[in-house]
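To start, the structure itself, in structure tokens.
The values are calculated or read from the model by the stated rules, or taken from the named source; none is laboratory data. All values reported here derive from a predicted model rather than from experimental measurement. Heads up, the Cβs are rebuilt from the backbone with ideal geometry, glycines too, and the neighbour counts pull from every protein chain shown.
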Amino acid sequence: AQSVTQLDSHVSVSEGTPVLLRCNYSSSYSPSLFWYVQHPNKGLQLLLKYTSAATLVKGINGFEAEFKKSETSFHLTKPSAHMSDAAEYFCVVINSYGNKLVFGAGTILRVKS
Amino acid sequence: DTEVTQTPKHLVMGMTNKKSLKCEQHMGHRAMYWYKQKAKKPPELMFVYSYEKLSINESVPSRFSPECPNSSLLNLHLHALQPEDSALYLCASSQDKQREVYNEQFFGPGTRLTVL
């Protein structure tokens, strides 16, 4: 079965410094992977998706993620954090039938001024 | 239009009330989903509709009753809820797996439900 593990429940960075949110996946085949962001009391917004076309995926708001099969990782990065990036981030894999999302536990990103 | 809308934004109900949550999308998606999200937890899948037919029920109690009147609308009827059902209820949609391999889901803003 597919699963994802988000390695940090909380990450704190200063505004203007790089962001790294870590995600490892487990899948018996080439997975479809996503990062979603959720601001407080809001729905989830798709940041980016990996669909095997390219290992470096660029998303919205300056975020990108690199798919590394050898490390079974899909870490989310951003060169310079902004206060508006403070939110919860979910790493997600889709199941083999394509009809269920399997969520990681989430990482809360705090951005300090 | 790339938006999923949900109404109401907030709902407070007693344990004997009957209420409904509404979700709408106009992206031509043929799969629609209901999720329940408790504080500081990821969303939990409740129901999946594919081509207006219920395809997945994740063993949800019968006090939650989904309905898909057409390809753009999804309702969740609520009756005799318990206080522990208080949560953020999220609707999502995606292209059906038969036509789209990658199936990212687009989420609405949610309905914050409080059961007294």
Enumeration of residues in region A:31-66 that are touching a Ser or Thr at 6+ places or on another chain (Cβ under 9 Å) and either free of Cβ contacts under 8 Å to residues at least 24 places away in the same chain or of a type in the set (A, V, I, L, M) (or both): A:LEU33, A:LYS49, A:THR51, A:SER52, A:VAL57, A:GLY62, A:GLU64, A:ALA65, A:GLU66
Looking only at region A:5-45, count how many residues are within 22 Å of A:ARG110 (Cβ to Cβ) and aromatic (Phe, Trp, Tyr). 2
Filter region B:32-79 for residues that are among the charged types (D, E, K, R) and more than 19 Å from B:THR111 (Cα to Cα); which is surrounded by the most Cβ atoms within 10 Å (Cβ to Cβ)? B:GLU52
Test A:LYS69 against the criterion of being surrounded by fewer than 19 Cβ atoms within 10 Å (Cβ to Cβ), of a type in the set (D, E, K, R), farther than 28 Å from A:SER14 by Cα and without any contact (Cβ under 8 Å) to a residue 60 or more places away in the chain, and give yes or no. yes
Restricting to region B:48-77, name every residue that is more than 14 Å from B:TYR35 (Cα to Cα), away from chain A (no Cβ under 14 Å) and touching a Phe, Trp or Tyr at 6+ places or on another chain (Cβ under 8 Å). B:CYS68, B:SER71
In region A:88-113, what residues are away from chain B (no Cβ under 11 Å), surrounded by fewer than 19 Cβ atoms within 10 Å (Cβ to Cβ) and assigned to a strand (DSSP E or B)? A:ARG110, A:LYS112
Checking B:TYR51 against (1) among the aromatic types (Phe, Trp, Tyr); (2) modelled with pLDDT under 95; (3) under 23 Å from A:LYS42 (Cα atoms), only one condition comes out false. Which one? (3)
Picked from region B:10-41 (must be among the basic types (Lys, Arg) and closer than 25 Å to B:LYS53 by Cβ), the residue farthest from the other protein chains (Cβ to nearest Cβ) is B:LYS18
Subset of region A:52-71 [over 14 Å from the mean Cα position of the chain (by Cα) and within 14 Å of chain B (Cβ to nearest Cβ)]: A:SER52, A:ALA53, A:ALA54
Single match in B:LEU113, B:LEU21, B:LEU45, B:LEU88 (criterion: at pLDDT 95 or above, more than 25 Å from A:THR107 (Cα to Cα), in a strand (DSSP E or B) and among the aliphatic types (A, V, I, L, M)): B:LEU21
I need every pair where a residue in region B:17-32 that is in contact (Cβ under 8 Å) with a residue 12 or more places away in the chain and over 23 Å from B:PRO83 (Cα atoms) has its Cβ under 6 Å from the Cβ of a residue that is crowded, with 18+ Cβ neighbours inside 10 Å and of a type in the set (Ser, Thr, Tyr), sequence separation at least 6 or different chains. B:GLN25/B:SER93; B:HIS29/B:SER93; B:HIS29/B:SER94; B:ALA31/B:SER50; B:ALA31/B:SER94; B:MET32/B:TYR49; B:MET32/B:SER93
Looking only at region A:72-85, filter to residues that are crowded, with 18+ Cβ neighbours inside 10 Å and hydrophobic (A, V, I, L, M, F, W, C); which one of those is farthest from the other protein chains (Cβ to nearest Cβ)? A:ALA81
Restricting to region A:1-38, what's the tally of residues that are surrounded by fewer than 19 Cβ atoms within 10 Å (Cβ to Cβ), modelled with pLDDT under 95 and not small (Gly, Ala, Ser)? 1
Unique residue being buried (at least 21 other Cβ atoms within 10 Å of the Cβ), over 12 Å from the mean Cα position of the chain (by Cα) and not charged (D, E, K, R) when the list is B:GLN82, B:GLN105: B:GLN105
